[in-house]
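Heads up: the structure comes next, in structure tokens.
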Amino acid sequence: MILVVGSIGSGKRDYARSLGYSDEAMTDRLEEKPVLYDLQELVRNDPDSAPQLLPRLLNYELVLCDEVGAGIIPMGRENRAWREATGRLCCQLAKQAEKVVRLCCGIPTVIKE
């Protein structure tokens, strides 16, 4: 599994396309497709269940997630819990990923290979 992180609009889906994945190969739900995008939104629905997502996420070829750990800390408890759960899940994914890529302005930087 390859984990791709970056800010909103950093080019994560374009990066997936550059690897040969079509839009039809991508999903933002837990479906049988090779690429999952918007991981942070799956966690938003139920931050407490984020650790249970890990085994399923490892079955994807590519997982794309917005960077949610930088910037201003949200004031609301629910948003802080979502951000924390997303960050911790990405840490677990990064540990087990074959490769981790961070995108900035459409430029991929490999941070683990």
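The values are calculated or read from the model by the stated rules, or taken from the named source; none is laboratory data. Here the structure is a predicted model, which is why all the values come from computation and not from measurement. Every residue, glycine among them, receives a Cβ derived from its backbone with ideal geometry; neighbour counts consider all protein chains shown.
Here are a few things to note about the model shown:
- If you go through the range 19-58 and pick out every residue that is within 19 Å of Gly69 (Cα to Cα), of a type in the set (Asp, Glu) and surrounded by fewer than 17 Cβ atoms within 10 Å (Cβ to Cβ), you end up with 3.
- Considering residues of the range 59-87 that are at pLDDT 95 or above and surrounded by fewer than 16 Cβ atoms within 10 Å (Cβ to Cβ) only, the residue nearest to the chain's Cα centre (by Cα): Glu61
- Of all the residues in the range 21-44, those that are within 18 Å of Arg83 (Cα to Cα), in a helix (DSSP H, G or I) and either modelled with pLDDT of 95 or more or within 12 Å of the chain's Cα centre (by Cα) (or both) number 5.
- Screening the range 1-18 for residues that are at negative phi and surrounded by fewer than 16 Cβ atoms within 10 Å (Cβ to Cβ) and picking the one that is farthest from the chain's Cα centre (by Cα) gives Ser18.
- For the range 19-28, the tally of residues that are without any contact (Cβ under 8 Å) to a residue 12 or more places away in the chain and either charged (D, E, K, R) or on the phi < 0 side of the Ramachandran plot (or both) stands at 5.
- Residue match in the range 71-78 (condition: part of a helix (DSSP H, G or I) and either farther than 24 Å from Ala25 by Cβ or hydroxyl-bearing (Ser, Thr, Tyr) (or both)): yes
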